[in-house]
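Enquirer: Got a structure for you, questions after.
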Amino acid sequence: METCIALIPLIPLLGFLILAVAGGKFDRKTAGYIGAGSVGISLVLALIAGALFLRSLPGVSSYSVSLWEWISAGELRADMSFSLDSLSLVFCIVITFVGFLIHVYSIEFMSGDEGFSRFFAYMNLFVGSMLILVLADNILLLYFGWEGVGLCSYLLIGFWYKEPENGYAARKAFIVTRIGDTAMIIGIFILFVNFRTFHLDELMLQVNDKWSVGSPLAVITAALLLFGALGKSAQLPLQTWLPDAMAGPSPVSALIHAATMVTAGVYLIARCHVLFNLAPVVMTAIAIIGALTLLIAGFSALGQHDLKRILAYSTISQIGYMFLALGVGAWSAAIFHFMIHAFFKALLFLAGGVVILVLKEEHDIFRMGGMKKEMPLIFFTFLAGSASLSALPLVTAGFYSKDPILWYSFSSVTGNFWLWIAAFTGAFLTTLYTFRLVFVVFFGETKLKPSFQPGKLMTVPLAILAFFSIVAGFIELPESFGRFHLFSSLAENTLPAVTVRETGYPETLFQLLSALIVFAGIYLAYLAYYKKPSMSESFEHGRIHRFFESGFGFDRLYDVLLVNPLVWLSAINRNDIFDWLNIGLARLTVLGNRLFSLTQNGKLRWYVMSFTIGIVLILTYMILR
């Protein structure tokens, strides 16, 4: 068991090392096999570890393995050690399973790219870093993995670095998430100063014993960790980096937005649930931020014409649902939606990537059309993902993962009517923008002909993800459908169960309302974007559309409030003493380089003389010492 746990993150990292050091010597087939194979082996190990873990329940709820002592400086100690419990197990299996399918898909998708080996090296490092994050048994190692996925996001978003806008998008993602990361590391320092340990289980035990509910330190620390989660998970007010992250290849978008980086914030809050439960005001803030984010992102998705940007705003919105669930104490519901979201969102990005690729990098959905006839398999898989994202009742996994969030946003002890209204409205928006995308891209007249048909390396992962997007939800049924809670029974070995209050309303009523709003959204999208497209023309060219397209103007607001003043201050402060010191240091370095270059003149006699003088000086020093 311990060996399996240790190898789960180490195998993808080994794949990264092989590809980074010797990738240029491999042909594309071998490099692809190494990249995808390493994640596949990690998936097998995760499944084996999961089977052994399930057999040990309920007697043993976690396993730990320590590889070596990482840091030891006075009281500051941290090991390179991993821990597997029900929470980390779910994340491990989802990351490796979805990651493996994305790697297989990428072998064909990236086959013509000159940076093929480099791409798989970055992808392996990304998966390895995310696995370190979720398996870390101490918060410092978790932060190490946290920064690892941040670095990989920069490398992968800017993978096609020859295009300046791609480099800008990569820098934006790196800088915006650094804001949250700075707050997070301050929170980690506060925990260490107060409890003298980085070990997560010990930290949570001491936090629960020594801090009371609502204590200032608990609130401050939880707020700082929350800010870190907001950056990685692209929630208000740090959500602006994620739509621009679409500059990377489509497999990167699937990996970042489905199972890895953007869900890191959800994992952090769930992992530190003991601390957050001691800070009710922060829990309320999490719920409100999630509710506002899912609404703003839903409206913004309606204003996009770029296929991948629609899916990017959809990701922000769905992560908002997870934050809403966390904020009302529905911990297992949030993690269940994470798992189902990984399936259908990876499917949508990969299927959308096929459409963009075969249409010669066309991203504008209104220049597409008729793809149902041209590519029926892609249509049906994309439709499965869209139906699951929209939570089509009874027949999709998305219904069974989103329905508990809608219910608990109203019925939990910290839920209320307004949170439910936000979630309910978000469900309508989700259906509307999702089927707007389906009807515009796949129905109507064919405007562009596909340049080729995708092969099995791309279509088989789509079919597998489509299957799980439909059936995976049946492992967790609502109370009104019977007492079958396979997922929450597993998750609640680590996470507390949600506390529900008496509402006076049956859950079935809320399910019926959710079903009605989904069908209303599909019908409205059908009318406005297929049957009577004139209905949507005024919106598509109006001011409200432009406002939604700009993401509610957050980028412009930050330019006015932060970026432009900083640039102005930098300009007026140019050529001060600090600039002189840096310029002088640079010139001194150049001078030193020129002096040392004089010794490399290619004359053998000069080298022999220099060598002799050096030996004489060393011997003289040793004699006279």
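Enquirer: Would you calculate a helix-derived [θ] at 222 nm for the chain, using -39,500 (n - 2.57) for each DSSP H run of n ≥ 4 and dividing by the full residue count, to the nearest 500?
Expert: Roughly -23000 deg cm²/dmol at 222 nm, from the helical runs in the chain.
Enquirer: Let me ask something else about it. Using Cα pairs closer than 8 Å and at least 6 residues apart in sequence, work out the relative contact order for the chain, in percent.
Expert: It comes to 12 percent, rounded to a whole number.
Enquirer: Evaluate the relative contact order of segment 297-541 (contact order divided by residue number), counting alpha-carbon pairs under 8 angstrom at least 6 apart; express in whole percent.
Expert: Once normalised by length, the contact order is 28 percent.
Enquirer: Now for a separate question. Hey, how much of the P(r) for segment 123-268 falls beyond 23 Å, as a percent of Cα pairs?
Expert: 36
Enquirer: If you count, for each residue, the other Cβ atoms within 10 Å and average over each peptide, how do 406-416, 28-38 line up from highest to lowest?
Expert: Top to bottom by mean Cβ count within 10 Å: 406-416, 28-38.
Enquirer: Which values, in whole Å and largest first, are the semi-axes of the equivalent ellipsoid of segment 203-337 obtained as the square root of 5 times each eigenvalue of the Cα gyration tensor?
Expert: 29, 14, 12
Enquirer: Can you list the lysines whose alpha carbon is less than 30 Å from that of Lys373, not counting same-chain residues fewer than 8 positions off?
Expert: Cross-link targets: Lys308, Lys345, Lys360, Lys447, Lys449, Lys456, Lys531, Lys532.
Enquirer: Straight-line reach from Lys25: which aspartates and glutamates fall under 15 Å, measuring Cα to Cα and dropping same-chain residues less than 8 apart?
Expert: Qualifying aspartates and glutamates at Cα under 15 Å: Glu114.
Enquirer: Next question. Could you give the size of the charge dipole of segment 382-531 about its Cα centre, using +1 on the Cβ of each K and R and -1 on the Cβ of each D and E, expressed in debye and rounded to the nearest 20?
Expert: 640
Enquirer: Which order do the peptides 200-213, 231-244 take when ranked by the mean count of other beta-carbon atoms within 10 Å per residue, highest first?
Expert: 231-244, 200-213
Enquirer: Calculate the radius of gyration of the Cα atoms of the chain to one decimal place, then report Dmax, the largest Cα-Cα distance, as a whole number, both in Å.
Expert: Looking at the chain, its Cα Rg and Dmax stand at 26.6, 98 Å.
Enquirer: So how far, in whole Å, is the C-alpha centre of segment 224-288 from the one of segment 1-68?
Expert: 25
Enquirer: Turning to a different aspect of this structure: Name the lysines eligible as straight-distance cross-link partners of Lys172: C-alpha to C-alpha under 16 Å, and not fewer than 8 places from it in the same chain.
Expert: Within the straight-line limit of under 16 Å, Lys172 reaches these lysines: Lys232.
Enquirer: Same structure again: Please report, to two decimal places, log10 I(q)/I(0) for segment 415-498 at q = 0.20 Å⁻¹ as given by the Debye formula with identical point scatterers on the Cα atoms and no solvent.
Expert: Computed log10 I(q)/I(0) values: -1.19.
Enquirer: Taking 2.2 N^0.38 Å as the expected size of a compact globular protein, what ratio does the Cα radius of gyration of segment 13-141 give against it, to two decimals?
Expert: 1.20
Enquirer: Across 10 Å bins from 0, what is the distribution of all Cα-Cα pair distances for segment 297-541, in whole percents?
Expert: P(r) over segment 297-541, rounded to whole percents: 8, 32, 34, 18, 7, 1.
Enquirer: Taking segment 309-389, how much of its Cα-Cα pair set, in percent, is spaced more than 21 angstrom apart?
Expert: In whole percent, the share of Cα-Cα pairs in segment 309-389 beyond 21 Å is 36.
Enquirer: Another one. Just to be sure I understand: if I project the alpha-carbon convex hull of segment 575-624 onto a plane and average over all orientations, what area do I get in nm²?
Expert: With the hull built on Cα positions only, its mean projection is 5.4 nm².
Enquirer: For segment 301-334 and segment 410-481, write down the distance between their C-alpha centroids in whole Å.
Expert: Using only Cα atoms, the two centres lie 12 Å from each other.
Taken together, the values in this text are just the output of simple stated rules run on the coordinates, not laboratory data. Not measured: the values here are computed from a predicted model. Cβ: placed from backbone, ideal geometry, glycine included. Neighbour counts: every protein chain shown.
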